[in-house]
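The values are calculated or read from the model by the stated rules, or taken from the named source; none is laboratory data. Since this is a predicted model, take the numbers as computed values, not measurements. All Cβ positions, even for glycine, are placed from backbone atoms using ideal geometry, and neighbour counts span all protein chains on display.
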């Protein structure tokens, strides 16, 4: 059974996979958990949550690219929702392919966003402290 839950203005997609003997297998925003719950005085107590054993995943190795760095234009977008922690460049700066241009925090992890082109920063649409959604434009490089 699938649920959409909002807690402190954060949306969670929850799917209850199986329930058996006070233990439930659930998926929250794509992560699997096994939760344990007990009844106290006829009410369900707050669940005890522990992460389920991770499922093995095979990750394909990236293909090596012999292509030279691309000069031109590009757009840096948010890969996932998060908080902009730092912008390491300014409008007018010349940047290189592979250079870190933004540091954002998402799911309590720091993510470094890199440029995929050589060019000049034309526009920065966020500032440190901005909340961004997936695919929001952060920066334009020309």
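Regarding residue 63, is this residue in a strand (DSSP E or B) and at pLDDT below 60? So that I can check it myself, show each step before the final result.
On the way: in a strand (DSSP E or B): no; at pLDDT below 60: yes.
No, not satisfied.
Among the candidates 126, 101, single out the residue that is surrounded by 13 or more Cβ atoms within 10 Å (Cβ to Cβ), at pLDDT 90 or above and in a loop (DSSP other than H, G, I, E, B). Steps first, answer last, please.
On the way: 101 fails: in a loop (DSSP other than H, G, I, E, B).
From the options 126, 101, the qualifying one is 126.
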Quiz item: From the set of residues in the range 104-121 that are free of Cβ contacts under 8 Å to residues at least 24 places away in the same chain and either in a strand (DSSP E or B) or not assigned by TED's automatic domain parsing to the domain that holds residue 137 (or both), which is farthest from residue 76 (Cα to Cα)?
Solution: 109
Quiz prompt | Those residues of the range 13-41 which are modelled with pLDDT of 75 or more and not in a strand (DSSP E or B), in sequence order | solution = 29, 30
